[in-house]
Amino acid sequence: MSELKADKLVDGTLAWRAPPPPLVRRIATTISNVWYELRKSRTASIGAVMLVLLFGACIGTPWLATHDPIKQNYRERLQPPSEKHLLGTDRMGRDIYSRLLYGGRRLVTIAVVAVTLSLVVGVPFGVLTGYFGGLADTIGMRIVDGLLAFPGLLLYLLFVTVAQAWKFEGVMLDVVLVGALALAGMPEKARLARGSVLAEKQKEYVEASRAVGDSPARIALSQILPNILSPLIVTATVRLGFVILIVAALSFLGLGTPPPTPDWGSDLSAARDYMETHPLIAAFPGLAICYTVLAFNLFGDGLRDILDPRLAER
Amino acid sequence: MLAYTLRRIAQLIPVLLVLSVAVFSFVEALPGSIVDTLVGTEGGDIEEARAILTKEYGLDRPVHERYVLWLGRALQFDFGKSLVTRRPISTELLSRIPATVYLAAVGIVISLLIAVPLGTFAAVRRNSAVDYTAQVTSLAGISIPEFWFAILCVLLFSLYLGWLPSSGYVSPFEDFWGSLQFLILPAAAIGFRQAAFTTRLTRSSMLDELSKEYVDTARALGHSERKVIFKYTLRNAMIPTITISGLQLANLLGGTVVLESIFAWPGIGRAIFEAILQRDYPLIQAGVLVLGCIVVVMNLLVDLTYRLLNPRVTFA
């Protein structure tokens, strides 16, 4: 003990307090904590591992890819999987493995940006309309209902048509697509947020912060919002899988980014012509879509069980 | 119930207005004027044709007046003529609706035929092999893109086995058995995917019901397990399943675009898709508006049915 006291005297700090762990250790602790929570649900942990692999592949694409995804090589067209071309080549002799990687990177990015954007727009929209109620609520919810009235792909079809008519290309086309996806995903989040706010609004802590004199916007956004996040996170995760299906369906219809950009949907559509003789070409993009959607669904499902233990019973 | 119904119908009006404004602004957002597209197809004296068309379409008037004009015509089911076929759009759309309804309805029936027995059995024999199979199958059904599933079906049943045609359509009114041949693959693709959702729902609402007290009472009274499940529990558990199936049906009417184009099914979704490829904007506009209205009305009907089936829900 006497030594510790001496230390304290020397540099004026509490020497007996353990030094903060190094950054690496702290990150490791966080990961192990998160993993501990995830282990509670088998689906969540399988989904998490699948997602880590997926994001790893998306980030590491430039290093993992073995070929230029766009470069055509007619001497090596329609080849079966080999050492040189891990998953074979398509009708233009392009390496399918590299195309899958680049296509996935693009698809996952679009989906993540779109869903994030729909959360950023939809959640405050729902929280504020739910909290303030009255006319704002009525108008807001009618707008939401109006957006929900577009069945299936129709809203996206309208957006893509306008974008094509304006001759948008490349990034601009992606921006329009992301905008449409965000707009279509917004009502779901807004409704969910609004519903939770209506329940949460009655609770005591809200009354307490009203008594302290917080402004309504502050109560809604910085007091209530953090308390209703978990169902929103679950919805957003499941929605990611759904958005990937939509984007793939649009490019399957030929309404996504035009070739030669690697794209799971349009690659799959192009592979149909060779399906009878080379079924593997159509198999790989389809499997990639399945894997990705399944990863998000498993993770979302498991997350729901962890965050809402009442439902886990079922 | 009547007051509630009337209120819900009144609530439809603003929703339909939002829908119509969105659909109207879609054409407004297109570059150039619709007259340019039309003049190109008509030929003759361009300036004169332009003036006539501008007047006909009311393009010399401000936007809000044009909207009212358009909406007024749309309410009478007059959407003008298709730019491609020059036939009235309303006839084009009406002729396409039966095929879509046929496909969507059979698809939903197939999904219920899969989902109800599978979901019920999974709940009754919880954690059994059947339960796990049901859960894995429904996860797969949610994750597999329907267009890929459809392609795989075509590959297996049309190309390898040669049992069924890969695409096409025959009206059931002309040749019922012949039409079934073409219907099986697309309807199964729809059914499998929709069943993925309803199986889970049936399973979880069945589990919910089985844990209720009336089930114990029924068992204590000595009813057979079969009677308890099929006569009492399943009936209550079916309410959410039926509701969701109704909503799925509504959505499918507009959501079968991909399958309709894979299987060359002459439905309304394919009509809109073709219109997009041919830049037939008035047809796209009208098609989306009609489908949107169908969805809104269907949703209302489903909601009202739900409340009829389940009187405990308050009419708030």
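Please treat every number below as a calculation from the coordinates, not as lab data. Small disclaimer: the values here were computed from a predicted structure and weren't measured. Cβ atoms come from the backbone with ideal geometry, glycine included; neighbour counts cover every protein chain shown.
Quick notes on this one:
- Among B:Pro266, B:Pro14, B:Pro31, residue whose mean-square fluctuation peaks in a GNM of chain B (springs only between Cα atoms under 10 Å): B:Pro31
- Sites A:Tyr74 and B:Gln181 - FRET efficiency at Förster radius 56 Å, r taken between beta-carbons, to 0.05: 0.90
- Distance between the modelled labels on B:Thr85 and A:Tyr291, one decimal in nanometres: 4.4 nm (7 Å Cα→Cβ projection).
- Computed FRET value (nearest 0.05) for A:Ala208 with A:Val34, which takes r as the C-beta separation and R₀ as 41 Å: 0.85
- Residue-count net charge about B:Ile13 - beta-carbon cut-off 12 Å; Lys, Arg +1, Asp, Glu -1: +2
- DSSP H segments from chain A that extend 24 Å or more along their own axis, Cα-based, with Kyte-Doolittle mean of -1.0 or above: A:42-59, A:96-132, A:170-200, A:229-252, A:279-307
- Residue by residue along B:138-144, Cβ atoms of other protein chains within 10 Å of the local Cβ number 5 on average.
- By the combined test of axial Cα extent (at least 20 Å) and Kyte-Doolittle hydropathy (mean at least 1.6), the qualifying DSSP H helices of chain B come to B:89-124, B:281-309.
- Relative contact order, whole percent, for the range A:45-307 stands at 25, derived from Cα pairs under 8 Å and 6 or more residues apart.
- For peptides A:170-177, A:105-112, A:151-158, sequence by mean Cβ density within 10 Å, most packed first: A:151-158, A:105-112, A:170-177
- Euclidean distance of C-alpha centroids, the range B:275-298 and the range A:24-62, integer Å: 43
- Under the combined filter of DSSP loop state and at most 12 neighbouring Cβ atoms within 10 Å, the range B:65-174 retains these chymotrypsin sites (Phe, Trp or Tyr not before Pro): B:Trp163, B:Phe173.
- Between B:Glu28 and B:Thr5, the simple spin-label model (points 7 angstrom out along Cα→Cβ) gives 3.6 nm.
- Neighbouring partner chain Cβ atoms per residue of B:271-277, average, 10 Å criterion: 4
- Anchor B:Lys212: lysines whose Cα lies under 30 Å away (excluding residues fewer than 8 positions away in-chain): A:Lys40, A:Lys203, B:Lys227, B:Lys231
- Counting charges near A:Thr261 (Lys, Arg +1; Asp, Glu -1) among other residues having Cβ under 14 Å from its Cβ returns a value of -1.
- Just checking the listed ones, B:Asn299, B:Asn251, B:Asn236: in the Gaussian network model of chain B with Cα springs under 10 Å, the one fluctuating most is B:Asn236.
- Average beta-carbon neighbours from other chains, 10 Å sphere, peptide B:296-304: 1
- Checking the Cα-Cα distances for A:Lys71/A:Lys167; A:Lys84/A:Lys167; A:Lys167/B:Lys81 against a 28 Å cut-off, the pairs over it are A:Lys84/A:Lys167.
- Per residue convex hull volume, Cα atoms of the range B:192-286, in Å³: 107
- Based on the Stokes-Einstein relation at 37 °C and a viscosity of 0.692 mPa s, and on the Kirkwood radius from alpha carbon pairs, the protein assembly as shown is assigned a translational diffusion coefficient of 119 µm²/s.
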